[in-house]
1. Here are the criteria: (1) at pLDDT 90 or above; (2) open to solvent by 40 Å² or more (accessible area, probe 1.4 Å). Tell me which single one SER64 does not satisfy.
2. Does LEU104 meet the test of being under 28 Å from ASP35 (Cα atoms) and open to solvent by less than 50 Å² (accessible area, probe 1.4 Å)?
3. Could you identify the single residue in SER68, SER64 that is free of Cβ contacts under 8 Å to residues at least 60 places away in the same chain and not in a helix (DSSP H, G or I)?
4. For the stretch 147-176: of the residues being closer than 21 Å to LEU66 by Cα, touching a helix residue (DSSP H, G or I) at 6+ places or on another chain (Cβ under 7 Å) and open to solvent by 10 Å² or more (accessible area, probe 1.4 Å), which is modelled with the highest pLDDT?
5. If the requirement is being without any contact (Cβ under 8 Å) to a residue 40 or more places away in the chain, open to solvent by 20 Å² or more (accessible area, probe 1.4 Å) and over 23 Å from SER152 (Cβ atoms), which of these qualifies: ARG109, ARG81, ARG125?
6. Are there any pairs with C-beta distances below 8 angstrom linking a residue in the stretch 38-56 that is at pLDDT 90 or above to a residue that is outside any helix (DSSP H, G or I), with the two at least 6 apart or on different chains, and if so which?
7. Restricting the search to the stretch 40-61, which residues are open to solvent by less than 60 Å² (accessible area, probe 1.4 Å) and not in a helix (DSSP H, G or I)?
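The values are calculated or read from the model by the stated rules, or taken from the named source; none is laboratory data. Please read all numbers here as calculations on a predicted model, not as lab measurements. Counting neighbours? That spans all protein chains shown, and the Cβs are built from the backbone with ideal geometry, glycine included. With ligands, DNA and RNA removed, areas are computed over all heavy atoms of the protein, side chains included. Shrake-Rupley method; radii C 1.70, N 1.55, O 1.52, S 1.80 Å.
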Amino acid sequence: APRSGRWSVWESAPFKGGRVAGTPGMLWGSGGRTDEGRRWTAGALRRIDQATAPALVARLWLTSALLSDGLRKFEDGERARSLYASLGDRQGAARALRCAGSGLHQLGRTEEAEEALRTALTDLRDGGNATEVVRCLFALSSVVWARCAFASARQLLCEPLPAATALADAAAWAGDHFNPAALPFSQGGPGAAAARAPDSRSMDLSGMSSG
């Protein structure tokens, strides 16, 4: 769509535009529209008053975190977490904390990342959110692996694989296969690593993103 048509929704119906922008990151990421998703989200955050629609603004910050990396992922995840917490939305806060924890990991703040992800995991399990539990376990295993606790990382990875497969969560499933491939390779087992890598690549090519 032309730029004028794409953004005219803000003039006539900013809340409608905000709901589109705040669609979970899977919509933007799976279509290769990460940059467009960021633009829509940023536009919505400029136009929608947090006091008027706090739940929508929280969702927008979460979407921004899902579409971002590093410092921005952490900061936007924290904004979403704080707002969800103020609304009493424990599951929203946990999802946002998972994103913030991933951002901390990307920033090299491993201890803080692990603490955030373990806290998020507890709340997500309490809420019975199977998909988010799988993704949080994957993120946590990556952090544990990064500090060379290979046995603990393997133990964490054993749990989400059946659930990810059952949920058809391609992003988490691929990550679950990738890390077990990397772990034996890092410990001198190229044969075992090679056996897991093709599955990971085939799932990763689906284009899905867990954030």
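1. (2)
2. Numbers: under 28 Å from ASP35 (Cα atoms): yes; open to solvent by less than 50 Å² (accessible area, probe 1.4 Å): yes.
Judged against the criteria, LEU104 is a match.
3. Going through SER68, SER64 in turn, just one is free of Cβ contacts under 8 Å to residues at least 60 places away in the same chain and not in a helix (DSSP H, G or I): SER68.
4. LEU167
5. Just one listed residue meets the conditions, ARG81.
6. PRO54/LEU87; ALA55/LEU87; ALA55/ASP89; LEU56/GLY22; LEU56/ILE48
7. Scanning the stretch 40-61 gives ILE48, ALA53.
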